[in-house]
Ligand code: DX5
Ligand code: ZN
């Protein structure tokens, strides 16, 4: 599905890292029924980030369900040597790959490698990287992901400096490139992040940390309205 067709102005992406893996399919289906269409899938390799999370094997199990409802899976690669995973992610039903600016030598070349697999592509950057440097390197990407936490774990606190970093990124990036924010996004801060120029919001704890997942998803949607 072409990238432009995924996004309904803005998207709230449940981060499956926050799910209860004993009930992964059930939880994803509940969110699909609540009209959620873009899911965020965090791959951590135990090197670029401390935890080993999950990878293409789990992606392959969950993607048919998401596709059946017309949804897509946005894969956040918190890994060293990300290009190694582009082909397995595409084969397992991922629609995009977002790799870290800090993890590659050549951003443009890595973007090209993702396009070869017909994947949409994002460039993520950590709190210590400068938004302008990332924007200058990411001209051919579909998404730039501004981390609002140090990557690795769900459930960390949103860094207040993110607002200004998103604003700086918006000024430095072409308008057709989506800004995504990941880490500590909640119903309390999502509108302010949107006002700084972001359109894609990843939410782990704000959805999966609650009893009623569809209600938690709708609460975020309403906070943007
Ligand atoms: C962790 C991941 C995030 C994480 C977000 O570094 O990249 O996607 O699941 O979880 P919350 O929303 O709880 O910060
Ligand atoms: Zn993520």
(request) Before anything else, pin down the relative contact order of the stretch 40-135: Cα pairs under 8 Å, at least 6 apart, normalised by residue count, whole percent. (result) 24 percent
(request) Just rank 68, 210, fewest to most, by other beta-carbon atoms within 10 angstrom. (result) 68, 210
(message) Quick check: pseudo-label points 7 Å beyond the Cα along Cα→Cβ at residue 24 and residue 218, how many nm apart are they?
(response) 2.8 nm
(request) Starting from the alpha-carbon convex hull of the stretch 42-131, give the projected area averaged over all orientations, in nm². (result) 5.9 nm²
(request) Would you mind classifying the stretch 141-225 by shape? Square roots of the alpha carbon gyration tensor eigenvalues, ordered a ≥ b ≥ c; an a/c under 1.5 is rounded, otherwise it is prolate if a/b is larger than b/c and oblate if not. (result) prolate
(message) Given Cα positions, please report Rg to Rh for the chain, the hydrodynamic radius being the Kirkwood one.
(response) 0.92
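So what is the calculated 222 nm ellipticity per residue for the chain, using -39500 (n - 2.57) for each DSSP H run with n of 4 or more, over all residues, to the nearest 500 deg cm²/dmol?
Numbers: 10 runs with 83 residues, N = 225.
That calculation yields -10000 deg cm²/dmol at 222 nm.
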(message) Taking every DSSP beta bridge with both residues inside the chain, roughly what % is antiparallel (nearest 5)?
(response) 5 percent
(request) Select from 147, 78, 159 the residue whose mean-square fluctuation is largest in a Gaussian network model of the chain (Cα-Cα springs shorter than 10 Å). (result) 159
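Where a number appears in this text, it was derived from the coordinates with a stated rule and is not lab data. Nothing here was measured: the structure is a model prediction, and the numbers come from that model. No Cβ is skipped: glycine too gets one built from the backbone with ideal geometry, and neighbour counts run over all protein chains shown.
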